[in-house]
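The values are calculated or read from the model by the stated rules, or taken from the named source; none is laboratory data. Because the structure is a prediction, the values reported are computed rather than measured. Positions of Cβ are backbone-derived with ideal geometry, glycine not excepted, and every protein chain shown enters the neighbour counts.
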Amino acid sequence: MKIIAAIIALIAMTFLGSRYKIAERDKSLPKNHITLLKGGATACAALLALFAAFTGGGAYAYTIAIGLFICAIADMVLETHFVPGMGVFALGHVAYIVAFLQKGALNLYSIIIYAVMVVVTYFVSKSLKDKTKENIAPYVGYANIILLMLALSIFVNPLAFIGALFFAVSDSMIAYRLVFGPAKFNDYLCITLYYLGQYLIALSAFA
């Protein structure tokens, strides 16, 4: 039953995510319909995690489901209000962080890894500060939250780690676009990694 649920969720996410990008590119649907497609794909991952919770996944699965539902809302907010949408995504990451802590992911190694990534992010953001006219403080704050989520995911299970890594890479590609402008294949690869990341995080609720 779990395998069937995972396959159904993957097919639904692929369909809705593809419809979202095609409609966005061709402007073939009203904006609100496109927005619903985008959030709907992530909601499928949330439903998968909720199914995992109902079938014995425990507190971890419930918390992951909450995080995914928050991210589905963030998907839709982001379409019209970027910084507030990023703030909602940060709440989703906080839910993931809580879930990973429930799995005992906080240890000396995760703290060291997080500290190293924060230092690297500081120097990268400092070098990029002059390349954009925007206030980068909200972006740096958001980056620190997702990096904590990533550092903790390493000590949960491989699905959670790969999912978190895909999510982080996807967000870094968005940051690249904000600073340097659109790049070939960036948009499609970015959304693919994002949905894959969310799907894998949902699957980790079964592990």
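Structural remarks
- Residues in segment 48-65 that are among the polar types (S, T, N, Q) and surrounded by fewer than 19 Cβ atoms within 10 Å (Cβ to Cβ): THR55 alone.
- Pairs where the first residue, in segment 80-98, is surrounded by 15 or more Cβ atoms within 10 Å (Cβ to Cβ) and the second is modelled with pLDDT under 95, C-beta under 6 Å, 6+ apart: GLY85/LEU78; MET86/TYR142; ALA90/TYR142
- Scoring GLY197 on the criteria (1) modelled with pLDDT of 95 or more; (2) more than 18 Å from SER18 (Cβ to Cβ); (3) not hydrophobic (A, V, I, L, M, F, W, C) leaves a single failure, condition (2).
- On the stretch given as segment 27-43, residues that are over 20 Å from ALA65 (Cβ atoms) and out of contact with any Phe, Trp or Tyr (no Cβ under 8 Å at 6 or more places or on another chain) total 8.
- Output for segment 10-47, where each listed residue is over 16 Å from ASP75 (Cβ atoms) and crowded, with 17+ Cβ neighbours inside 10 Å: LEU10
- Screening the candidates LEU165, LEU189, LEU203, LEU159 for the property of being over 24 Å from PRO84 (Cα atoms) and surrounded by fewer than 20 Cβ atoms within 10 Å (Cβ to Cβ) yields one hit, LEU159.
- Close pairs (6 angstrom Cβ cut-off, 6 or more residues apart or separate chains): farther than 18 Å from PHE15 by Cβ and assigned to a helix (DSSP H, G or I) in segment 195-207, among the small types (Gly, Ala, Ser) and modelled with pLDDT under 95 anywhere: ALA205/GLY57
- Which listed residue, of VAL94, VAL77, is closer than 24 Å to SER204 by Cβ and either among the β-branched types (Val, Ile, Thr) or touching a strand residue (DSSP E or B) at 6+ places or on another chain (Cβ under 9 Å) (or both): VAL94
- From ALA74, ALA49, ALA65, residue being within 15 Å of the chain's Cα centre (by Cα), free of Cβ contacts under 8 Å to residues at least 40 places away in the same chain and not in a loop (DSSP other than H, G, I, E, B): ALA74
- Filter result for PHE15 (at pLDDT 95 or above, out of contact with any His (no Cβ under 6 Å at 6 or more places or on another chain) and either under 24 Å from VAL98 (Cα atoms) or of a type in the set (S, T, N, Q) (or both)): no
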